[in-house]
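Here is the structure we will look at, set down as structure tokens.
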Amino acid sequence: MIVVVDTNVPVVANGVSEQASSDCVQTCAERLGAIMRGEVKLVLDNRWKILSEYRQNLRASGADVGDRFLGWVLLNWTNPERCDLVSITPIGGFENVFEEFPDDPALDGFDPADRKFIAVACAHAERPPILQAVDSKWLDFDDVFRENGITVEFICQEDIQRLHEDN
């Protein structure tokens with residue numbers, strides 16, 4: 001199995017996300033553990049867009065699960081047995097506009113900062129799922145994602161539904 005991991009998964013695994021339940025924290029930690037044990041392969045971009053976001057939100061020297069995940073990624077991002085690197089192509093010099101992101105007007109309102117995760121999943125030949133923990137805005141686009149061949153795995157289903165209803 002291969003996956004793309006949204007930054008909120010390791011952040012939640014660190015136990016610092018107020019909106020995440022303890023079950024969600026545990027689920028995120030378990031999913032990251034499977035990646036670090038080599039049971040699941042991680043997909044990243046060769047431009048360090050995802051890795052840079054991880055580095056902004058996590059500490060590679062930290063003791064929490066999400067921080068250890070960042071340390072693991074920094075050690076393994078070039079190891080083809082642990083990580084697949086895909087090319088994503090910025091358009092027009094824009095930070096968050098990628099050729100690989102679906103050209104679908106229904107996605108125009110999707111958060112530009114999260115488009116890199118979609119672009120990476122689309123750039124990979126197997127179209128891996130994107131693990132998402134508690135960013136409820138993604139639910140608004142779930143049908144459109146599926147129509148465009150993108151799978152988002154909401155790994156904290158109860159939390160994300162509750163957060164979506166609250167917004």
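The values are calculated or read from the model by the stated rules, or taken from the named source; none is laboratory data. On a predicted model such as this, the values are computed, not experimentally measured, just so you know. Here Cβ is always computed from backbone atoms with ideal geometry, including for glycine, and neighbour counts include all displayed protein chains. Heavy atoms of the whole protein, side chains included, go into the accessibility calculation; ligands, DNA and RNA do not. Shrake-Rupley method; radii C 1.70, N 1.55, O 1.52, S 1.80 Å.
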Lone cysteines, the chain (no partner Cβ under 4.7 Å):
Cys28, Cys83, Cys122
What stretch of the chain, leaving out the sites themselves, is the longest with no chymotrypsin sites (Phe, Trp or Tyr not before Pro) in a DSSP loop having at most 15 other Cβ atoms within 10 Å?
95-167
Just need the relative contact order of the stretch 1-120 here, percent rounded to a whole number, with Cα pairs under 8 Å and 6+ apart.
26
Which value, in Å² rounded to 10, gives the accessible area of Met36 with a 1.4 Å probe and all protein chains present?
50
Pop out the ³J(HN,Hα) list for the stretch 115-125 in order, Karplus 6.51 cos²θ - 1.76 cosθ + 1.60 with θ = phi - 60°, rounded to Hz; leave Gly and Pro as x.
5, 4, 5, 5, 4, 5, 4, 5, 6, 7, 4
For the stretch 71-167, which GluC sites (Glu not before Pro) are in a loop by DSSP, counting at most 12 other Cβ atoms within 10 Å?
Glu81, Glu95, Glu126
Sorting Arg59, Arg68, Arg31, Arg127 on solvent-accessible surface, 1.4 Å probe, most exposed first, gives Arg59, Arg68, Arg127, Arg31
GluC sites (Glu not before Pro) within the stretch 1-60: DSSP coil, no more than 10 neighbouring Cβ in 10 Å
Glu18, Glu39
quick note, the stretch 14-167, DSSP beta bridge pairs, % antiparallel (nearest 5) is 10
